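Here the structure comes first, spelled out in structure tokens, and everything after it is commentary.
The values are calculated or read from the model by the stated rules, or taken from the named source; none is laboratory data. Every value quoted in this text rests on a predicted model; they were computed, and no experiment measured them. All Cβ positions, even for glycine, are placed from backbone atoms using ideal geometry, and neighbour counts span all protein chains on display.
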Amino acid sequence: MYAEIIIPLALPKNYTWMIPASMQEEVTIGMRVEVMLGANKRYAGIVKNISSKAPEAFTPKPILSVLDDAPIVYEHQLALWEWMAEYYMCTEGEVMQAAIPSHLKISSESVFILNEQQEQDIKNLSDAEYIISEALEIKKTLSLLEIQKLLDKKSVYPVINKLIQKGICFVQENMKDKYSSKVEIFLSLHADYKNEAALEKLLNEWTRAPKQLDLLLAFLHFEKTEGSVQQKSILEKANATHAQLKALIDKGILVAEKRKIDRLATDPNTGNTALHTLSEKQKEALESVKAQLLTHPVGLLHGITGSGKTQIYVALINEVIQQNKQALYMLPEIALTAQMIRRLKQYFGGSIAIYHSKFNPNERVEIWNKVKSGEIKIVLGARSALFLPYKNLSLIVIDEEHDPSYKQQEPAPRYQARDTAIYYANQLKAKVVLGSATPSVETYFNAISKKFGYTYLNERFSTGALPKIELIDTKKQPAGTAILTPQLLASISKTIANKKQVILFQNRRGYAPYLICETCGWIPHCEHCDVTLTYHKAKNLLSCHYCGASYPIVNTCKACGKQNFKQKSFGTEQIEEKLNQSLPGVIVARMDLDNIKGKNEHDQLIQKFEQRQIDILVGTQMVVKGLDFENVDLVGIVDADSLLNFNHYRVNERAFQMMEQVSGRAGRKNDNGTVIIQVSQLQHPIVQLVQQHDYFGFYNFEIQNRKHFSYPPFSRLMSLLFKHKENNIAEEAANHFLHSLTPEIQKTVLGPAQPIVNRVRNKYIWELAIKISKQPQQLQLAKKQLIHYIRLLQVHPRYKSVNIVIDIDPN
Ligand code: ADP
Ligand code: ZN
Ligand code: ZN
């Protein structure tokens with residue numbers, strides 16, 4: 001028997017190995033097996049197919065060992081991988097690389113690290129396992145080669161696999177980012193008092209130690225409102241001492257337990273909050289979505305910001321889990337999952353888990369297994385949550401479906417997770433609900449073409465009206481006030497005086513996006529990229545936002561030798577500084593990539609803002625998306641022009657979505673929401689449409705443009721990038737490639753052209769953009785040709801070192 005095996009590498013195809021007679025009983029589709037590639041590379045690959053037919057041209061090597069007792073992926077997942085590789089023009093190995101957690105990937109390059117948190121009972125270990133775990137205790141990390149030497153044999157994958165399963169070591173994903181998880185002490189109520197009568201009795205009969213009672217009441221309050229209670233934060237919030245807490249623990253009222261703080265998967269909280277009662281409008285919307293899904297595979301829920309779309313998803317998900325099926329709730333970004341999980345845990349408790357690529361590998365495997373067995377019913381996650389082994393997935397909710405982050409940019413597979421989810425759901429006979437206040441043009445087009453169901457919810461839950469929007473003309477401002485105009489400052493002061501909060505949005509981080517020599521016009525650029533350097537004041541350096549390189553501040557012009565630099569434009573850092581200068585005593589925090597590193601920092605800042613410890617939150621896109629703050633009355637878009645002035649067919653769509661979404665953060669719980677947009681192009685159609693909150697006007701305007709220029713949804717786009725250290729080789733390769741295509745396909749190609757940023761990390765970039773009809777045959781034909789000629793280019797003596805990147809349906 002022979003097996004086709006997927007190896008987590010970008011290989012041109014899957015290869016075949018022989019299944020030795022001794023393993024024929026064991027080997028099953030979806031299991032991992034150890035195979036040798038070339039003379040000495042070993043990989044854990046996944047069996048995709050088993051057949052009795054031997055390959056014709058060569059004699060396959062045998063499989064070396066079987067790593068699993070049961071498949072780790074379902075066959076429907078393998079089918080999805082195959083489709084993704086085909087559609088997005090990458091390899092199944094690349095999809096596998098993205099799809100499975102690092103623990104399940106082992107290769108010759110793997111490094112295994114000791115799991116310091118696990119204490120092992122050596123009785124449970126085999127001799128070989130014991131040898132390796134001892135060596136790990138001493139050395140902390142071991143390479144595959146070292147393990148082979150220690151055991152004096154080549155085939156060591158089964159031993160490693162067992163050690164990983166037993167939690168003794170894990171696979172280091174990346175030499176650079178070692179995972180370290182933070183352990184915190186969490187408090188919970190002792191089981192004796194979980195029953196309400198017992199608790200009531202305890203509280204009523206409390207006589208002495210009033211401080212302990214205060215602490216207990218504070219604990220009960222936070223457990224109710226926040227789900228889980230950390231020792232550190234409750235002592236702070238309740239202003240209590242360790243001695244008081246210890247007394248409660250000694251009395252057997254509270255229990256303290258060490259837990260990793262991101263161990264959300266196993267949160268013991270049960271989730272007992274009853275679902276909210278839906279408003280009449282929400283009920284209608286819910287019924288409409290359900291009805292649409294009877295006849296459509298996909299339903300769009302178009303609900304204005306603050307209309308309570310989440311409550312509708314919750315109701316839909318609830319029905320799914322009542323039937324003992326699984327649901328996936330997707331958000332465009334990891335950062336958003338933290339606030340949402342706190343909201344969802346109230347209803348679903350332990351049956352919901354969060355899954356994304358920033359999770360610790362142990363936990364990812366744990367969730368993986370629980371999803372596979374069906375124990376976890378609901379998964380909240382970003383793109384990669386689509387790859388979990390669902391046992392019976394029946395609903396996928398894609399919140400903020402318009403968000404460009406659903407598209408993976410780098411590395412391959414460059415997939416659109418929303419579109420992939422729609423395909424996958426179809427295969428699984430599951431349903432998809434897309435939700436947005438500003439649906440993407442393609443999605444709304446699909447809805448009015450009746451391909452998707454459509455439900456419109458046009459009322460905010462608590463107030464009805466959307467915030468009013470004021471435009472401020474930045475051309476008419478006194479010198480030096482363009483960043484914070486007097487009107488904006490006055491509104492901010494008024495809002496804060498009313499004990500309300502403010503969000504200011506600016507889509508650029510740093511202090512100043514570039515410096516310019518006032519004498520000769522020279523602008524400092526990155527040495528490796530064609531990008532101007534952003535000035536970061538606090539860090540006192542210049543930084544390239546494309547490759548991350550940083551440079552000391554330049555004072556002397558490299559072109560003319562003068563010392564006459566001026567800062568141009570402004571980023572979030574400068575806004576923060578100006579606010580601090582203009583409004584002393586007001587608490588300002590900044591949320592952008594520079595000061596938010598891990599997901600915990602992001603969530604901590606959000607929680608601080610929720611708890612009103614911050615008056616003004618200044619940030620980039622991070623503050624725009626889906627967050628729900630009840631106390632924000634004022635939102636300011638500091639520089640709308642920067643959203644309107646770039647050269648991309650989606651510029652209008654992105655600008656409208658961004659402005660409407662950021663406006664949606666204002667006045668979510670009352671009628672006093674105000675949005676201020678500072679802009680010089682007051683008459684710009686998008687600005688006017690945003691001011692009216694006119695989505696339909698926007699769509700009608702935009703769809704005309706798309707039709708006129710035959711952009712999506714009237715065509716499909718593909719982008720091919722040719723990258724090389726030498727500009728002329730990249731350009732020639734693109735031309736050579738273009739001219740090898742048939743005339744029909746050539747007609748659909750734009751370029752070669754240099755993208756706006758035409759050099760990144762020392763490589764010059766030339767692009768071919770292909771605009772092709774949506775007809776499946778045409779697309780198929782084009783892809784076939786592209787693959788063929790890419791292969792030829794890859795062996796062409798002059799162009800084989802050109803790096804080719806294919807992007808289907810690029811952002
Ligand atoms: P959207 O996602 O549509 O912008 P959300 O789902 O975040 O809106 O809802 C906005 C706010 O209104 C949230 O704070 C939410 O808890 C509240 N809300 C919405 N519907 C209800 C309801 N039926 N009962 C109570 N609160 C609700
Ligand atoms: Zn100069
Ligand atoms: Zn750079």
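Taking the criterion of being touching a helix residue (DSSP H, G or I) at 6+ places or on another chain (Cβ under 7 Å) and away from ligand 3 (no atom under 16 Å from the Cβ), the residues of the stretch 509-543 that qualify are 511, 512, 537, 538.
Note on the stretch 1-53: residues that are of a type in the set (Lys, Arg) and in a loop (DSSP other than H, G, I, E, B) amount to 2. Residue pairs whose Cβ atoms lie under 8 Å apart, sitting 6 or more positions apart in sequence or on different chains, and linking a residue in the stretch 298-315 that is farther than 16 Å from residue 664 by Cα and free of Cβ contacts under 8 Å to residues at least 40 places away in the same chain to a partner that is near ligand 1 (Cβ under 9 Å from one of its atoms) and of a type outside the set (Lys, Arg), are 314/275; 314/276. For the stretch 590-609, a residue qualifies if it is under 17 Å from residue 503 (Cα atoms), without any contact (Cβ under 8 Å) to a residue 60 or more places away in the chain and assigned to a helix (DSSP H, G or I), and the qualifying residues are 604, 605, 607, 608. For the stretch 759-810, a residue qualifies if it is β-branched (Val, Ile, Thr) and part of a strand (DSSP E or B), and the qualifying residues are 760, 765, 770, 772, 804, 805, 806, 808. Among the candidates 575, 606, 587, 596, the residue that is more than 16 Å from ligand 2 (Cβ to nearest atom), more than 27 Å from residue 763 (Cβ to Cβ) and in contact with a His (Cβ under 6 Å, 6 or more places away or on another chain) is uniquely 596. Taking residue 401, is it modelled with pLDDT under 95 and outside any helix (DSSP H, G or I)? Spelling it out, it is not the case that residue 401 is modelled with pLDDT under 95 and outside any helix (DSSP H, G or I). Note on the stretch 576-604: residues that are touching a strand residue (DSSP E or B) at 6+ places or on another chain (Cβ under 6 Å) and buried (at least 18 other Cβ atoms within 10 Å of the Cβ) total 6. Within the stretch 507-538, the set of residues being in contact (Cβ under 8 Å) with a residue 40 or more places away in the chain and either more than 30 Å from residue 766 (Cα to Cα) or more than 30 Å from the chain's Cα centre (by Cα) (or both) comprises 511, 515, 516, 517, 518, 519, 520, 536, 537.
Whenever a residue of the stretch 694-715 is in a helix (DSSP H, G or I), its partners that are among the hydroxyl-bearing types (Ser, Thr, Tyr), lying with C-beta atoms within less than 7 angstrom and at least six residues away or across chains, give the pairs 695/438; 699/444. When we screen 312, 396, 341, 321 for residues that are touching a helix residue (DSSP H, G or I) at 6+ places or on another chain (Cβ under 9 Å), closer than 18 Å to residue 430 by Cα and surrounded by fewer than 24 Cβ atoms within 10 Å (Cβ to Cβ), the only hit is 321. State yes or no: is residue 668 basic (Lys, Arg) and over 30 Å from residue 776 (Cβ atoms)? Taking the combined requirement at face value, the residue satisfies it. Cβ separations smaller than 8 Å between residues 6+ apart or across chains give no pair from the stretch 439-465 residues that are of a type in the set (Phe, Trp, Tyr) to residues that are within 16 Å of ligand 2 (Cβ to nearest atom). When residue 717 is tested against (1) crowded, with 23+ Cβ neighbours inside 10 Å; (2) closer than 30 Å to residue 738 by Cα, just one condition goes unmet, and that condition is (1). Out of (1) away from ligand 1 (no atom under 16 Å from the Cβ); (2) surrounded by 16 or more Cβ atoms within 10 Å (Cβ to Cβ), what's the single condition that is false for residue 503? Failed condition: (1). Elements of the type strands (runs of 3 or more DSSP E) sitting completely within the stretch 419-479 and holding at least 1 residues that are more than 29 Å from the chain's Cα centre (by Cα): these cover 468-473. Residues that are under 26 Å from residue 643 (Cβ atoms), touching a residue at least 24 places away in the same chain (Cβ under 8 Å) and either within 16 Å of ligand 3 (Cβ to nearest atom) or assigned to a helix (DSSP H, G or I) (or both) within the stretch 544-589 comprise 545, 546, 547, 572, 573, 574, 575, 576, 577, 578, 579, 582, listed in sequence order.
Please verify whether residue 431 is on the phi < 0 side of the Ramachandran plot, modelled with pLDDT of 95 or more and surrounded by fewer than 21 Cβ atoms within 10 Å (Cβ to Cβ), treating the condition exactly as stated. Spelling it out, it is not the case that residue 431 is on the phi < 0 side of the Ramachandran plot, modelled with pLDDT of 95 or more and surrounded by fewer than 21 Cβ atoms within 10 Å (Cβ to Cβ). Name the single residue that is nearest to ligand 2 (Cβ to nearest atom) among those in the stretch 515-529 being farther than 15 Å from residue 569 by Cβ and crowded, with 18+ Cβ neighbours inside 10 Å. This residue is 517. Scanning the stretch 630-658 for residues that are under 21 Å from the mean Cα position of the chain (by Cα) and within 16 Å of ligand 1 (Cβ to nearest atom) gives 657, 658.
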